[in-house]
1. What's the local net charge at A:Lys45, with K and R +1, D and E -1, over the other residues with C-beta under 9 Å away?
2. Given C-alpha coordinates of chain A, what is the ratio Rg to Rh with the Kirkwood estimate of Rh?
3. At 27 angstrom or more along the helix axis (alpha-carbon based) and mean Kyte-Doolittle of -1.0 or higher, what helices does chain B contain? Whole DSSP H runs only.
4. Might you report the magnitude of the Cβ-based charge dipole of the protein assembly as shown about its Cα centre, with Lys and Arg at +1 and Asp and Glu at -1, to the nearest 20 debye?
5. State the antiparallel share, in %, of DSSP beta bridges confined to segment A:2-121, rounding to the nearest 5.
6. Per residue of A:4-13, count partner chain C-beta atoms within 10 Å of its C-beta, then hand back the mean as an integer.
7. Cα atoms only, the protein assembly as shown: Rg and Dmax in Å?
8. What share of the DSSP beta bridges in segment B:1-127 is antiparallel, in percent to the nearest 5?
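Derivation of every value follows stated rules applied to the coordinates shown; laboratory data play no part. Bear in mind that the values here come from a model prediction, so they are computed numbers and not experimental data. With ideal geometry, Cβ positions are generated from the backbone for all residues, glycine too; neighbour counts draw on all protein chains shown.
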Amino acid sequence: MILIIGGAYQGKLDYARQQFQLSISDILDCTQLTSELCQKPLTAKCIYHYEAYIEQCLLANIEPQTAFSPDQIVIADDIFCGVVPIDSHLRAWRETCGRTLTALAIDAQSVIRIFCGLPLKVK
Amino acid sequence: MKAFISGGCKNGKSSWAENLAQRLAGDSPLYYIATMIPCDAEDHQRIEKHRLSRAGKGFCTLEQPTRIHQVLDYSDYARGTYLLDSVTALMLNEMYPRNASLPDVQAPHRVCHDLSFLLAQAKNVVLVSDYIYSDTGHYPKYTQDYCKALAQVDRHLARICDTVVEMSAHQPIYYKGGNL
């Protein structure tokens with residue numbers, strides 16, 4: 001699996017689409033998932049907004065999927081640089097995202113960070 | 001040379017950018033594009049303080065809160081080095097005009113256009129922006145729209161600049177261009 005991270009609106013999906021020749025049907029947009037839908041395995045070639053999937057998993061009280069096949073691409077927003085959120089739900093979300101992405105990065109063949117549209121291979 | 005610098009706050013973006021602009025300018029004209037629209041006495045004091053500190057570093061201040069390419073009309077752009085700190089403040093002025101009730105949705109497009117023009121004409125430009133995209137908050141649409149608009153401009157600038165740098169703990173991380 002290839003992990004692509006970076007702040008919001010940085011062009012992560014544009015980069016993935018260009019680099020890995022993804023078509024629209026290859027992409028699962030997790031902002032469209034509900035807590036029921038997130039119980040199904042993530043099998044799409046490209047998992048977009050993985051952080052939104054984690055939020056739904058928290059609401060459904062299930063463990064997020066962290067095992068992916070070698071040809072899958074996981075894209076996640078980096079949500080870790082602000083002040084610790086006062087809201088306990090946001091706090092739990094941030095923590096789970098951090099923990100889960102760390103596990104993903106260990107398994108990933110490569111981790112790419114996108115900064116203002118430009119890639120930096122961090123693994 | 002056209003350089004774009006961003007990163008989290010208090011990482012030394014401004015001082016690094018000032019230093020770079022001074023080095024690029026050498027003995028040629030060095031301009032600071034000031035974008036702040038003062039609202040009260042405190043703002044005026046702050047502007048005066050900044051102006052004095054820059055004067056010692058050889059900067060000539062150009063006041064241009066919107067339509068940034070207009071500085072070309074009253075400065076020596078063929079020889080000049082321009083420092084714009086920050087793109088963030090310029091976007092605020094363009095997107096939320098005083099006395100307007102709604103944000104101007106054309107602002108990101110206009111700012112991209114104006115900055116492209118400035119970059120094409122001026123000898124050297126150093127741009128500073130703010131990396132405000134890695135927070136946890138579910139912000140209201142009003143705020144999200146601003147982040148999205150600034151990101152659109154940032155990405156455009158990163159594409160057209162020779163050098164793109166992220167500042168982290170006052171250390172430059174180069175995404176594009178050689179070490180400066």
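1. Details: positive: none; negative: A:Asp26, A:Asp71.
With Lys, Arg at +1 and Asp, Glu at -1, the net is -2.
2. So for chain A, dividing Rg by the Kirkwood Rh gives 0.94.
3. Long hydrophobic helices here: B:141-160.
4. On the way: 29 positive and 32 negative charges, 144 e Å.
Dipole about the Cα centre, nearest 20: 700 debye.
5. Expressed as a percentage, antiparallel bridges in segment A:2-121 total about 20.
6. Values: counts 0, 1, 3, 10, 9, 11, 7, 6, 0, 0.
That works out to 5 on average.
7. Just the Cα atoms of the protein assembly as shown yield Rg and Dmax of 21.2, 66 Å.
8. Percent antiparallel among DSSP bridges in segment B:1-127 is about 0.
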